[in-house]
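Colleague: Sharing a structure here in structure tokens format.
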Amino acid sequence: MRVLRFLHACAAGLVAVSLTAAAVSHADTTAPKKAAAKAAPARTSVSWRAIAAGETESKRSGKPALYFFTAVWCGPCHLLEDQVFAVPEVAVQVEKDFVPIVVQDRMRETGKNAPEMLALADRYDLRGFPTLVVSRPHLAANVMLVGWEGHRAAVEFLKTGKKRFLDVEKKPGAKK
């Protein structure tokens, strides 16, 4: 009987935590959308480049690449797109500081990934989706944000990513 009461109490606690987390998560995902919609009715977003074209542009322009590892099935990836990259001010900043390159995981849809995607995933030791990597083509040195930690964390990463990467790039041994 004690065991059943204990299990019942644990189950009730888990339900309460789940509902609270869902409410917080919902608030975290809706507030930035509403604020962005009020701030700028005409929405723009980042103009993502394919891997080869983006790397060529990065080499030619001298700007670091911003690799966005994403997948169609990845809910947090869509949050990053909708709440960060679709905000006009963020999109302008990304285009100014980086050459934005989308790296799409297609394993679930097609059963395989492009060799370029696999090479980048290996170079940057991809651990999950979404992942943002600031680097240069064919350079292992980078700064990285793995996962979705909310709008504020992603925007902060994008604001500081270029400077942080340039500092890393200056260190001896970074040009590998």
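Rule-based calculations on the coordinates, nothing more; no lab input. Please read all numbers here as calculations on a predicted model, not as lab measurements. All Cβ positions, even for glycine, are placed from backbone atoms using ideal geometry, and neighbour counts span all protein chains on display.
Colleague: Give me the percent of DSSP beta bridges within region 51-170 that run antiparallel, rounded to the nearest 5. Can you show the working numbers first?
Modeller: Working: 9 of 16 bridges.
Beta bridges within region 51-170, antiparallel portion: roughly 55 percent.
Colleague: Scan around Ala140 for amide H atoms under 5 Å from its own, H built in the peptide plane at 1.01 Å from N, and keep only partners 5 or more places away or cross-chain.
Modeller: Lys176
Colleague: Which FRET efficiency value, to the nearest 0.05, do you get for Val72 and Leu118 by plugging their Cβ-Cβ distance into 1/(1 + (r/R0)^6) with R0 = 25 Å?
Modeller: Efficiency for this residue pair is about 0.90.
Colleague: Could you pull out every residue, at least 5 positions away or on a different chain, whose amide H is within less than 5 Å of the one on Val99? Hs are placed 1.01 Å off N in the peptide plane, and Pro or chain starts have none.
Modeller: Ala65, Leu66
Colleague: Which of Trp48, Trp73 comes first, and how do the rest follow, when ranked by fewest Cβ neighbours within 10 Å?
Modeller: Details: Trp48 19, Trp73 12.
Ordered from fewest to most neighbouring Cβ atoms within 10 Å, Trp48, Trp73 come out as Trp73, Trp48.
Colleague: Among the listed pairs Lys112/Lys162; Lys96/Lys159; Lys63/Lys170; Lys63/Lys112, which are separated by more than 22 Å between their Cα atoms? Could you put the intermediate results ahead of the total?
Modeller: Numbers: Lys112/Lys162 32 Å; Lys96/Lys159 11 Å; Lys63/Lys170 15 Å; Lys63/Lys112 30 Å.
In this structure, Lys112/Lys162; Lys63/Lys112 lie more than 22 Å apart at Cα.
Colleague: Moving on. How do His138, His151 line up, fewest other C-beta atoms within 10 Å first? Before the final figure, lay out the partial values.
Modeller: Values: His138 11, His151 22.
Result, fewest neighbours first: His138, His151.
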